Structure formats: structure tokens, C-alpha cells
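Here is the structure we will look at, set down as C-alpha cells.
Nothing in this text is a laboratory measurement; each read-out follows from the coordinates by a stated rule. Here the structure is a predicted model, which is why all the values come from computation and not from measurement. Don't worry about glycine lacking a Cβ; one is built from the backbone with ideal geometry, like all the others, and counts go over all protein chains shown.
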Amino acid sequence: MSNNKVNCLNIAYIFKTSVGSINGSWTEGNVSTVKKITLPDGKQLPYVSGQSLKYQIRRGWVELGYGNQLSEVVQTSNTKGVNFTQGDPAQYLDDDLLGFMIASEGENRRRTAPVRVSAAIGIFPYRGDRDLGTKSKEQAGGDMGAGGNIYETEIYYNYFRVNFLIEIDRIGNFQPSELHKDKKNVTTNELTKRRERLKQFFESLENVWGGGKQSRILTDMSPKFLAITFQTSKSPIFLETLTLSDQEELNVGAVNEVLNGNTGIIAKKFIGVQSGIFKNNVVAAVKDTTSIQDAWKAAKIHIENLVF
């Protein structure tokens, strides 16, 4: 392990959807499509955008009771412009961790988010599955014999991999250019507050759920395999690593290769897996693996004494 100070937290995990339609794309006729990326061989992988994931994190904070720590959204004076938050990272949790951009008359500030997030990429190709639905005319008193309006929704059975890279040395640390002119003297929050914000981020990810079509296609997006590494170098070491075989076995060889190959920058690691999901024995194959819940708990305890 390097003697350099920890400046980065890397969180990579896999979640599973038995039936999902998490992040929609354009509607094609009466078909609600999902976002996909095309591979060189023409196959398409469904994905969930980073914007959607950050929305789920923000919503998670509200559900956890942290709504009073979130920045109020303000409507821009320009009708063609975008809405923005207060832009006060010293006071607000989301302005600090998720960043902001304010572009309005008389003020132009931005903060690049310390929380960097990849898209959640489906591991298996989209197979063309669709959910068929009808908009019944029974309650509206229409012609029942004619039937309801038919619509379809693209769905999938899949596993998704996602990676978060958190620049923990920037949490609670602000550049004067990021702050309102009246608050430029507040450039650093107390270490206890910075630790608390990092733990609040963990709490939101622990039980994340959401996306589109939740009223009829409820989806659990929480981790089923989880790798948390505190690092001395800002490198998303698991970004392209987590894969499964067609038999739904986790590629534990690739996981071990990343862990063993990055001992020089990994200051502390916590690995968790949920039993009954993967078809191979991940606990036996990856050293120091515990349950998902214990991995989160141990990582949060580690944060309490972390200096960053």
C-alpha cells in the first residue's frame, strides 16, 4: 500500500433485474423503448444513464429524511434556460457531492461533481422482449367490444454493472470561483461534516431503487455484488471489469486480478455479495468477501476515522 493520502473512493457493483425497463428512450409509435448502446457486432446492450442514477441518489436522500439538506431548485429568468439549484455547496449536500451549474443574468458559476458516475451497462444483450398493455375503456364508458388502446414497453432480464468514483478530497472543499460572492470565505467544511456527507451518499446507494415504469415493473437496483475501495489514486479500477458468463457466474478471476494488481493504490477494501444470486461461489473465490450489508457497515465505520 502506498503511503500517499487517500483521495479517492471507488464503488463498483452489479445489480439484477428479473423484469425491468429502468431508463426509457424515445417512443416509437406505441412502443416505449429503453436506452441501448450498439456493440461492434451489432448486438445492443441496455443501459441506465448517469443522469438517471444521480436522480435516484437524490430521491434516496429525500426518502432517508435528508430533504432539508438539499438545495432548492430555482427557475431561471430566461424562459429558454435550464433551472438550477442554489449553488451553495457549503450548506447543501447535493450542491457539494453532485455539483451544479448556474448560468443566469449577473451570475455564472459551476462546480464539477466530486461524485463521478458511469452509466449502468447491461451485461447481456437486449433480446427484443416487450410487455403488452392496454388502456381499458371500461371505466371511461367506451365501447368495450372494440377493446382498449394497445401499447408495448421494451423489457429485459439482465444484470447491470456500474462504477462510482468519488473524489473524497474535494468533498467539503470549494474553490472561490464555485461560491457566491457573499460566501467566498467558506472554502472548507469541518471534517466531521465531510465524513457525514460521504456516509449519506453510502446510505442512498445501499437501498437504491427506481427508474421508469415502477408502478407496474418494480425494480431493485441495489448491489448484489459490491466492491468498495479507498484509494490513493483516482482510478476507476473496476469500470470495465465486472462481467458474468452466460451461466450467470461472476467472473471472479477478473475481480481478483484487479484487486491484486492495484495493491499499490488500494488503502482499504470491502467486498460484499448477496447469496443466491450468482451461480458460482463468489465468497470462496474472492478473499475477505462478506455480505452486502456487512460491507456497507464496515466501510461506513472506516469513514469515521478517515482523514481526507
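Observations on the model:
- Within the stretch 8-303: Cβ-based charge dipole about Cα centre, in debye rounded to nearest 20 (Lys, Arg +1; Asp, Glu -1): 480 debye
- DSSP beta bridges in the stretch 8-303 [antiparallel fraction, %, rounded to 5]: 95 percent
- Centroid-to-centroid separation of the stretch 230-308 and the stretch 152-200 [C-alpha atoms, Å]: 21 Å
- Length-normalised contact order for the stretch 8-303 - Cα pairs under 8 Å, 6+ apart - percent: 24 percent
- Contour minus Cα-Cα distance for GLU152 and ASN256 (0.36 nm per residue): 33.3 nm
- Total charge dipole magnitude, the stretch 197-308, about the Cα centre, Cβ charges on Lys, Arg, Asp, Glu only, Debye to nearest 20: 360 debye
- Cα-based reach from LYS300 at 16 Å (exclusive), listing lysines while leaving out same-chain residues under 8 positions away: LYS193, LYS199, LYS268, LYS269
- Gain upon complete extension [SER235, SER215; 0.36 nm per residue less C-alpha separation]: 3.5 nm
- Among LEU64, LEU244, LEU53, the residue with the largest mean-square fluctuation in a Gaussian network model of the chain, with springs joining Cα atoms closer than 10 Å, is LEU64.
- Of all lysines in the structure, the ones whose alpha carbon falls short of 20 Å from that of LYS36, not counting any fewer than 8 places away in one chain, are LYS16, LYS54, LYS213.
- Listed residues GLY24, VAL117, GLN247: farthest to the positive end of the dipole of the stretch 8-303 (Cβ charges): VAL117
- Between PHE124 and VAL73, the FRET efficiency from the beta-carbon distance, with R0 = 35 Å, is close to 0.40.
- If you plug the beta carbon distance of ASN305 and ASN280 into 1/(1 + (r/R0)^6) with R0 = 22 Å, you get a FRET efficiency near 0.05.
- If R0 is taken as 41 Å, the Cβ-Cβ distance between LYS183 and TRP26 corresponds to a FRET efficiency of 0.50.
- Cα gyration tensor, the stretch 1-135 - rounded (a/c under 1.5), prolate or oblate: oblate
- Between GLU63 and THR134, the modelled label-to-label distance comes to 3.3 nm, taking each label 7 Å out from Cα in the direction of the beta carbon.
- A protection proxy built from the mean count of other Cβ atoms within 10 Å ranks the segments 188-200, 215-227, 151-163, most packed first, as 151-163, 215-227, 188-200.
- Approximating the spin labels as points 7 Å out from Cα along Cα→Cβ, the ASN108-to-THR290 distance works out to 5.0 nm.
- All aspartates and glutamates inside 19 Å of LYS297 as judged from Cα atoms, apart from same-chain residues fewer than 8 positions distant: GLU196, GLU203, GLU206, ASP288
- Counted over all Cα-Cα pairs of the chain, pairs farther apart than 36 Å make up 26 percent.
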